[in-house]
Amino acid sequence: MKKYITYILFFGVCWQLMAQETKTVLTLEDAIELSKSKSIEYLTAKNNAEVNYWQYQSYKAGFFPSLNIRGTLPNYQRSINRITADDGTDIFIGQNQAFSSISLDVNQIVPFTGGEFSVSSSLNRIDIFSNPNFTTYSSTPLTISYFQESLFYNPFRWEKKIQPLIFEESKRELVEQLEDISYNTTSRFFDYILAKIKSDNATINKKSQDTIYKISEGRFNIGKLYENDLLQSELSLLNAEKELIISKNELKLTKQALLDQLGIQGESNIELIIPEELIFIKIDSLQLFEKAFENRKLRINHQRKIAEAEQEIAKTKSEGFTLGITGNFGLTQQDELLNRAYSDLLVQQNFALTFRAPIFSWGKRKAERKIARANLDLIRSTNEQELLTARRELSLKYLEWQQIELSVKITKRASEIAVKRYNASKRRFAIGKVSITDLNIAQSEKDTAIYNYYQSLREYWELYYELRKLTLYDFIKGENIIKKEAN
């Protein structure tokens with residue numbers, strides 16, 4: 001028994017060690033693709049897109065004929081009711097009867113007029129339970145109807161103009177949200193990288209300061225170092241220990257933020273590949289503005305807002321004087337026998353032309369029309385302002401892109417120089433040629449230069465994905481993102 005327990009414990013420990021050693025290696029592109037399939041941001045964007053898709057499908061289906069069947073099988077009633085007799089007096093009569101009905105109708109909206117056309121057929125039956133029982137039928141084999149609420153306002157015409165814009169805007173919004181995910185993932189990716197660099201530097205600095213303090217202590221004991229320099233060395237060691245604790249906590253927080261962004265639950269041992277191979281693309285400013293105007297939802301959004309404002313103007317104009325029409329034509333008959341209820345059919349028809357006209361409204365109708373017109377002017381002005389803001393943003397990002405290549409090259413060279421200088425200072429300190437103050441300055445400059453280099457890499461990739469979002473265009477592949485992502 002003890003032997004089996006030993007085997008179980010052995011394999012359990014091995015399994016834990018294997019699990020700890022398993023690493024998930026991610027490039028920036030891997031992280032973005034993972035975030036676009038598992039993150040909360042992606043799931044939210046996907047759900048919104050599905051809602052918008054099915055809303056548009058529902059709108060399109062509304063233009064097709066609808067076939068409906070309705071029925072009451074049966075409506076039984078047994079009660080004493082007040083009935084008005086032929087001489088005008090009211091009497092109470094006991095009723096014991098059932099009413100049944102069934103109908104089939106086809107409805108079709110008429111987009112070019114704004115009305116609704118319908119064809120229906122129905123059959124009704126009344127059963128009176130008395131002595132003797134009595135049954136009668138009423139049939140309407142065919143009824144053709146047309147209804148239009150207003151001859152001066154056609155809501156279907158406006159829907160055909162606005163709904164496709166809403167759907168197209170939603171598709172572009174989805175692509176912009178996906179590019180937002182790319183940008184946010186890039187930020188979280190480099191948050192973790194920079195925190196890791198800080199943590200690694202803090203670990204190295206802690207070891208270096210520990211070594212430096214021991215050297216300083218030895219030199220102080222033999223009288224080759226002043227007490228002030230020894231205290232400075234001890235203070236640097238304490239600061240390094242403090243910085244190590246802070247950097248470790250920051251590393252944990254940024255790691256968890258990255259895992260949340262990637263949609264990874266629980267603990268995971270991840271290793272990030274720093275994207276140092278950069279592609280400096282020459283972007284034409286004219287192409288930048290053209291792609292932004294062509295692909296982004298902003299243009300569609302402006303068209304939709306103007307169309308909705310024009311619809312409101314048309315609606316307020318029609319509400320002053322309305323003219324409606326209702327008409328139907330059908331065949332009907334009633335009899336105690338079902339087959340005779342469909343014989344010798346009689347014509348039934350009706351037609352109504354209704355109108356409503358305000359005589360005096362104390363200027364309310366005029367004010368509503370003025371409000372609708374002013375709202376249209378406001379939307380046009382707001383659209384122009386949004387376009388100017390978008391152009392300024394693009395101009396700023398274009399200038400930043402022109403400078404990013406030089407920035408990355410400078411910070412990279414600066415980090416290489418700072419590392420060499422620090423290593424040289426550390427060697428010279430060991431032989432007493434450099435003071436502790438100069439060594440600490442070299443270390444600080446080294447840490448800052450390394451951090452600045454990776455910060456410039458972060459700025460490059462964030463700017464690249466921001467330009468993608470602002471234009472919905474992949475400058476590396478030379479293709480529109482909207483066509484690829486929206487399908």
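Using Cα positions and a limit of under 12 Å, work out the aspartates and glutamates in reach of Lys305, with same-chain residues fewer than 8 apart set aside.
Glu169, Asp377
Using DSSP loop states and a limit of at most 11 other Cβ atoms within 10 Å to flag trypsin sites (Lys or Arg not before Pro), what is the longest stretch of the chain containing no flagged site?
It runs 24-223.
Would any residue of the stretch 111-128 have its amide N under 20 Å from a label point 7 Å out along Cα→Cβ of Ala314? List them or say none.
111-117
Tell me, what is the 1.4 Å probe accessible area of Trp401, in Å² to the nearest 10?
10
Could you tell me the calculated FRET efficiency between Asp284 and Ile245, based on Cβ-Cβ distance and R0 = 60 angstrom, to the nearest 0.05?
Given R0 = 60 Å and the Cβ-Cβ separation, E is 0.75.
Want the number for Tyr146 to Glu405: 0.36 nm per residue separation, take away the alpha-carbon distance, what's left?
Working: separation 259, 0.36 × 259 = 93.24 nm, distance 6.90 nm.
Using 0.36 nm per residue and subtracting the Cα-Cα distance, I get 86.3 nm.
In Å and from the alpha-carbon atoms only, list the Rg and Dmax of the chain.
Just the Cα atoms of the chain yield Rg and Dmax of 39.9, 135 Å.
What stretch of the chain, leaving out the sites themselves, is the longest with no GluC sites (Glu not before Pro) in a DSSP loop having at most 13 other Cβ atoms within 10 Å?
On the way: sites that count: Glu267, Glu276, Glu277, Glu336.
It runs 1-266.
Between Asn107 and Phe129, what is the label-point separation in nm under the 7 Å Cα-to-beta-carbon projection?
So the two model labels end up 3.4 nm from each other.
Could you sort out which of Lys171/Lys196; Lys38/Lys412; Lys171/Lys255; Lys198/Lys477; Lys160/Lys370 sit more than 29 Å apart by Cα distance in this structure?
Working: Lys171/Lys196 38 Å; Lys38/Lys412 34 Å; Lys171/Lys255 32 Å; Lys198/Lys477 34 Å; Lys160/Lys370 25 Å.
Over 29 Å apart, Cα to Cα: Lys171/Lys196; Lys38/Lys412; Lys171/Lys255; Lys198/Lys477.
Which pairs in the list Lys161/Lys364; Lys207/Lys420; Lys248/Lys397; Lys315/Lys364 are over 22 Å apart, alpha-carbon to alpha-carbon?
Over 22 Å apart, Cα to Cα: Lys161/Lys364; Lys248/Lys397.
Determine ³J(HN,Hα), in whole Hz, for all residues of the stretch 105-116 in sequence, where each value follows from phi through the Karplus function 6.51 cos²θ - 1.76 cosθ + 1.60 and θ = phi - 60°; x replaces Gly and Pro.
Couplings: 9, 10, 10, 9, 6, 10, x, 6, 10, x, x, 9 Hz.
Could you size up the charge dipole of the stretch 137-257 around its Cα centre, putting +1 on the beta carbon of Lys and Arg and -1 on that of Asp and Glu, and report it in debye to the nearest 20?
The calculated dipole for the stretch 137-257 is roughly 300 debye.
How big is the shadow of the Cα convex hull of the stretch 195-351, averaged over all directions, in nm²? Kindly include the intermediate steps, with their values, before the conclusion.
Working: hull surface 116.5 nm².
Directional mean of the projected Cα hull area for the stretch 195-351 stands at 29.1 nm².
Subtract the Cα-Cα distance of Tyr451 and Phe64 from 0.36 nm times their separation in residues, and report this length gain in nm to one decimal. All intermediate terms of the calculation are to be shown ahead of the outcome.
Details: separation 387, 0.36 × 387 = 139.32 nm, distance 6.28 nm.
Stretched fully, the Tyr451-Phe64 segment lengthens by 133.0 nm.
Could you tell me which residue out of Ile371, Gln348, Ser361 lies farthest along the dipole of the stretch 336-421 toward its positive end? Charges go on the beta carbon: Lys and Arg +1, Asp and Glu -1, centred on the Cα centre.
It is Ile371.
Per DSSP H run of at least 4 residues, take -39500 (n - 2.57); add these up for the chain, divide by its residues and hand me the 222 nm value, nearest 500 deg cm²/dmol.
Values: 10 runs with 297 residues, N = 487.
Dividing the helical sum by the residues of the chain leaves -22000 deg cm²/dmol.
What value does the stretch 37-117 have for Rg/Rh, both radii from Cα atoms and Rh as Kirkwood defines it?
Value, to two decimals: 1.37.
Any idea what the dipole of the chain comes to, in debye rounded to 20, about its Cα centre with Lys/Arg Cβ at +1 and Asp/Glu Cβ at -1?
1300
For Tyr473, what residues show an amide H to amide H distance below 5 Å, using hydrogens built from the backbone and excluding near sequence neighbours?
Residues meeting the criterion, in which the H sits 1.01 Å from N, are Ile481.
Got a number for carbon plus sulfur as a percent of the chain's accessible area, 1.4 Å probe? Present the calculation step by step, with values, prior to reporting the outcome.
Working: 17020 of 30170 Å².
Carbon plus sulfur share of accessible area: 56 percent.
When only DSSP loop residues count, what chymotrypsin sites (Phe, Trp or Tyr not before Pro) in the stretch 263-359 have their Cβ near at most 14 other Cβ atoms within 10 Å? Before the final figure, lay out each step's value.
Numbers: sites: Phe280, Phe289, Phe293, Phe321, Phe329, Tyr342, Phe351, Phe355; in loops: Phe280, Phe321.
Hits after loop and neighbour filter: Phe280, Phe321.
Could you provide, to the nearest whole Å², the per residue accessible area of the chain with probe 1.4 Å?
Per residue, the chain has 62 Å² of solvent-accessible surface.
Quote the FRET efficiency, to the nearest 0.05, computed for Asn81 versus Leu338 with a Förster distance R0 of 25 Å and r equal to the Cβ-Cβ distance. Provide the component values of the computation, followed by the final result.
Values: r = 27 Å, r/R0 = 1.09.
So, using R0 = 25 Å, E works out to roughly 0.35.
Return, ordered by residue number, the residues of the stretch 437-473 whose backbone nitrogen is under 17 Å from a label point located 7 Å along Cα→Cβ of Lys420.
Of the residues in the stretch 437-473, 442-443, 445-447, 449-450 have backbone N under 17 Å from the label point off Lys420.
In nm, what is the difference between 0.36 nm times the number of residues separating Lys370 and Glu384 and their Cα-Cα distance? It would help to have the intermediate numbers written out before the result.
Values: separation 14, 0.36 × 14 = 5.04 nm, distance 2.13 nm.
Result: 2.9 nm gained on full extension.
Run the reach check for Lys242 against aspartates and glutamates, Cα to Cα strictly under 16 Å, same-chain hits fewer than 8 apart removed. What comes back?
Straight-distance partners of Lys242: Asp200, Asp210, Glu234, Glu250, Asp447.
The values are calculated or read from the model by the stated rules, or taken from the named source; none is laboratory data. Predicted model only: the values in this text are computed from it and were never measured. Quick reminder, even Gly has a Cβ in these numbers, built from the backbone with ideal geometry, and neighbours come from all protein chains shown. Side chains are part of the model used for accessible areas, which takes the heavy atoms of the whole protein and leaves out ligands, DNA and RNA. Shrake-Rupley method; radii C 1.70, N 1.55, O 1.52, S 1.80 Å.
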